[in-house]
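Below is one structure; the comments refer to it alone.
The values are calculated or read from the model by the stated rules, or taken from the named source; none is laboratory data. Predicted model, so just to flag it, every value in this text is computed and none were measured. Cβ sites come from the backbone with ideal geometry, for glycine too, and all protein chains shown count toward neighbours.
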Amino acid sequence: MSSLNVYEVIHDVAKGKACIYATSHADTPFGDFKWTNECAAFITLSEDGTKVQKIEEMVDTAFFAEMAKQGAAFGAAQAAEKAKAAQGVEASA
């Protein structure tokens, strides 16, 4: 299950800029670890306002550090399970 909550959208037409403040939430395959990210996106539009020229995003870096740690642990556990299963196949051959 996942969700996106947009709390604020500011659009300055005269300057060709927009800003979005939001949070996102989702399940992950990492046990009880949940995706919970707070972010702000700053958007620069073309002069006529029809195209995005640049997006800058600010995110919760502490969350991403923990996400990387959880992902590495999950990947290591998956690799260990595959190696163990492969050894079982070799032993029975």
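Quick notes
- Selection count, the range 17-38, where residues are at pLDDT 95 or above and within 20 Å of Ser3 (Cβ to Cβ): 3
- When Glu57, Glu81 are checked against the criterion of being free of Cβ contacts under 8 Å to residues at least 60 places away in the same chain, exposed (fewer than 11 other Cβ atoms within 10 Å of the Cβ), among the acidic types (Asp, Glu) and more than 30 Å from His11 (Cα to Cα), Glu81 stands alone in meeting it.
- All positions within the range 54-72 that are assigned to a helix (DSSP H, G or I) and β-branched (Val, Ile, Thr): Thr61
- Scan of the range 8-38 for residues that are of a type in the set (Asp, Glu) and surrounded by 10 or more Cβ atoms within 10 Å (Cβ to Cβ), ordered by number: Asp12, Asp27, Glu38
- Checked against the criteria, Phe42 does not count as aromatic (Phe, Trp, Tyr), in contact (Cβ under 8 Å) with a residue 40 or more places away in the chain, within 28 Å of Thr23 (Cβ to Cβ) and out of contact with any His (no Cβ under 7 Å at 6 or more places or on another chain).
- Flag if Ala41 is over 18 Å from the mean Cα position of the chain (by Cα), surrounded by 14 or more Cβ atoms within 10 Å (Cβ to Cβ), in a strand (DSSP E or B) and at pLDDT 95 or above: no
- Of all residues in the range 18-38, those that are in contact with a Phe, Trp or Tyr (Cβ under 9 Å, 6 or more places away or on another chain) and assigned to a strand (DSSP E or B) total 14.
- Lone qualifier among Ala65, Ala76, Ala86 - being closer than 25 Å to Ser24 by Cβ, of a type outside the set (S, T, N, Q) and free of Cβ contacts under 8 Å to residues at least 24 places away in the same chain: Ala65
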